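S.K.: Below is one structure. I have some questions about it.
A short reminder: the numbers here are calculations on the coordinates, not readings from a lab. From a predicted model like this one, the values you see are computed outputs, not experimental measurements. Here the Cβ positions follow ideal geometry from the backbone for every residue, glycine too, while neighbour counts run over all protein chains shown.
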Amino acid sequence: MANMTVNQRTQLERVDLTIPTTGVRVRDRRRVIAFTVIAWIVAAALVYATAVAIDGWAQAIVLGVIMLTAVGAMIAVNPLRRW
């Protein structure tokens, strides 16, 4: 290890999350399920409120472009992206 650069040593010592012993463990699955259900309810309410508030085709186009931009940003920052 004495002849390694900082980058080589960092690569060697980093945590490998693909190994089951180093992954994230959930202590109480009921809380995760409850949070997921609540998040879906809130998301559904927000989608409904947005659909009701749209007042014309121009607002629908702007909303669609905002959604496409958000999806593009998610694709761009995806750590599993190949290129």
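S.K.: Going by the structure shown, is I33 under 19 Å from the mean Cα position of the chain (by Cα), part of a helix (DSSP H, G or I) and either exposed (fewer than 10 other Cβ atoms within 10 Å of the Cβ) or of a type in the set (F, W, Y) (or both)?
M.R.: The answer is no for I33.
S.K.: Hey, can you tell me all the residues within segment 50-64 that are assigned to a helix (DSSP H, G or I) and exposed (fewer than 10 other Cβ atoms within 10 Å of the Cβ)?
M.R.: V52, A53, W57, A58
S.K.: Contact list please: Cβ distance under 6 Å, first residue in segment 25-43 and without any contact (Cβ under 8 Å) to a residue 24 or more places away in the chain, second residue part of a helix (DSSP H, G or I) and not polar (S, T, N, Q), pairs at least six apart or on different chains.
M.R.: Close Cβ pairs satisfying both conditions: V26/V32.
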